[in-house]
1. Which of (1) within 28 Å of Phe125 (Cα to Cα); (2) touching a Gly at 6+ places or on another chain (Cβ under 9 Å); (3) within 16 Å of the ligand (Cβ to nearest atom) is the odd one out, the single condition Thr84 does not satisfy?
2. State whether one or more residues within region 62-83 are surrounded by fewer than 16 Cβ atoms within 10 Å (Cβ to Cβ), part of a helix (DSSP H, G or I) and not small (Gly, Ala, Ser).
3. Go through region 88-120 residue by residue and tally those that are open to solvent by 10 Å² or more (accessible area, probe 1.4 Å), farther than 12 Å from Asp187 by Cβ and within 13 Å of the ligand (Cβ to nearest atom).
4. Which of the residues belonging to region 187-238 are more than 16 Å from the ligand (Cβ to nearest atom), open to solvent by less than 10 Å² (accessible area, probe 1.4 Å) and of a type outside the set (Asp, Glu)?
5. Yes or no: region 264-276 includes at least one residue that is under 26 Å from His178 (Cα atoms), away from the ligand (no atom under 14 Å from the Cβ) and either assigned to a helix (DSSP H, G or I) or within 14 Å of the chain's Cα centre (by Cα) (or both).
6. Scan region 142-186 residue by residue and report those that are at positive phi and surrounded by fewer than 17 Cβ atoms within 10 Å (Cβ to Cβ).
7. Output the number of residues of region 308-323 satisfying the condition of being surrounded by 20 or more Cβ atoms within 10 Å (Cβ to Cβ) and either among the charged types (D, E, K, R) or more than 30 Å from Ala14 (Cα to Cα) (or both).
8. Output yes when any residue across region 52-61 is in a helix (DSSP H, G or I), at pLDDT 95 or above and surrounded by 10 or more Cβ atoms within 10 Å (Cβ to Cβ), and no when none is.
Amino acid sequence: MTKSTPQSRKDMRARTKLVHAGRDPSEQFGFVNTPIYRGSTVLQPTLADLEARHTKRFTYATHGTPTTEALEKAWSEIAGATGTVLTPSGLAAVTVALLAALKAGDHLLVSDSAYLPTRTFCDGFLRRMGVETTYYDPLIGAGIEALMRSNTTAVLVEAPGSQSFEMQDIPAIAEVAHARGACVVMDNTWATPLFFPPHERGVDLAVEAGTKYLSGHSDLLLGLVSANDQWLKPLRQTFDYFAMCAGPEDVFLGLRGLRSMDLRLREAERQGLALARWLSARPEVSRVLHPALEDDPGHNIWKRDFSGSSGLFSVILKPASKAAIAALLDGLELFGLGYSWGGYESLVIPFDCRTYRTATVWNPEGPALRFSVGLEDIEDLKEDLDKGFARLRAQA
Ligand SMILES: *Cc1c(COP(=O)(O)O)cnc(C)c1O
């Protein structure tokens, strides 16, 4: 057979790329997968080779191994990026991306809907390093112009917000940011590059928590940052300062997850929409926050810019007591009560954005719950929730 190459795969579909990118059996004695390379030292045969090590494919494991190279290359291919770095967690990917774009004295704009630990990093570490952060209304669009200062060097977007699910007009924000020379950093964990091609839409540095849909099995922590041509060099340099490397087993599991990511994501979309529609018809539910639902305020932007939705969404319940919510959640048999998402198993958590929002008011009419829909049979999931709602009504 003839080997496909990144060049020959260029016009192929994402599913094909996911299967073939980042592996070369001819380099692995014919074995299909790139194995786990454990190691630090890379030996050079001669003094001349040692002195010319910076021209070699591998020099020292903090700069990459065949295992990390495989995932970096595959991810760059599906993200439409020039290059990718792998980090030990999704949060580490956020921090390395921001640090690649910022220096002391700079100003950073962050969506008020951003992942909470991202805010903690901005308010704690970045402030300590002399970077000022302003939070903005996620729905601001091109209006972000009014918040740009002469020292604004980065804008962080996240769409949709992973609790509150506002959609952001990323192309409009990127246009304003680029006119001012600012870097656009996106947390693209929800859609992944399969449903939102970040660099085509104006994102310079795109972050993915591989912990979620790349893993798909709640068994690893991993982060990825992909960069366009302009931002790859600063990203690599910052990454190298920290040597913030992901472990070889986790990278291998990331590669393993990659091969079936499209299938799992499409199933998450199907299951997520089915459960979201069922919940929106429930008398206990006031609103469902899911941008792929036709009546969602972010639906038009989602339809314009995204090609799919994942299995994570929220609902606002009608007013209910804490005891009623506890009765609903504590008795669930199939939905686990825990953080993270994107695994094969369904999860639910209560949340309240009021505790951290500063640029916008979050004041829903009732308690909020976030669901990550797994691969269980949807009818069993509905029955589990149906019994939960009965417990909620009995407590109210
Ligand atoms: C989980 C998550 C992260 C962080 O990933 P970890 O691997 O848990 O550090 C970042 N952004 C979003 C939107 C997430 O949901």
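1. In the conditions (1) within 28 Å of Phe125 (Cα to Cα); (2) touching a Gly at 6+ places or on another chain (Cβ under 9 Å); (3) within 16 Å of the ligand (Cβ to nearest atom), Thr84 misses (2) alone.
2. The answer is yes, given that some residue of region 62-83 is surrounded by fewer than 16 Cβ atoms within 10 Å (Cβ to Cβ), part of a helix (DSSP H, G or I) and not small (Gly, Ala, Ser).
3. So the answer is 4.
4. Of everything in region 187-238, those that are more than 16 Å from the ligand (Cβ to nearest atom), open to solvent by less than 10 Å² (accessible area, probe 1.4 Å) and of a type outside the set (Asp, Glu) turn out to be Ala227, Leu235.
5. In the first step, residues of region 264-276 are kept if they are under 26 Å from His178 (Cα atoms); the result is none.
Looking for residues that are under 26 Å from His178 (Cα atoms), away from the ligand (no atom under 14 Å from the Cβ) and either assigned to a helix (DSSP H, G or I) or within 14 Å of the chain's Cα centre (by Cα) (or both), one finds none in region 264-276, hence no.
6. Looking only at region 142-186, we keep the residues that are at positive phi, and these are 165, 181.
Correct list: Gly181 only.
7. Initially, region 308-323 is screened for residues surrounded by 20 or more Cβ atoms within 10 Å (Cβ to Cβ), giving 309-315, 317.
Applying the additional criterion that residues be either among the charged types (D, E, K, R) or more than 30 Å from Ala14 (Cα to Cα) (or both) yields 315, 317.
Adding up the residues that qualify gives 2.
8. So in region 52-61, the residues in a helix (DSSP H, G or I) come out as 53-55, 61.
Filter once more, keeping what is at pLDDT 95 or above: 61.
Now drop any that are not surrounded by 10 or more Cβ atoms within 10 Å (Cβ to Cβ), which leaves 61.
Checked against the condition, which is being in a helix (DSSP H, G or I), at pLDDT 95 or above and surrounded by 10 or more Cβ atoms within 10 Å (Cβ to Cβ), region 52-61 yields at least one hit.
The values are calculated or read from the model by the stated rules, or taken from the named source; none is laboratory data. Since the structure is predicted, the reported quantities are computational estimates derived from the model, not experimental observations. Ideal geometry is used to build each Cβ from the backbone, glycine not excepted, and the neighbour counts take in all protein chains shown. Each accessible area value is taken on the protein alone, full model and side chains, heavy atoms only, with ligands, DNA and RNA left out. Shrake-Rupley method; radii C 1.70, N 1.55, O 1.52, S 1.80 Å.
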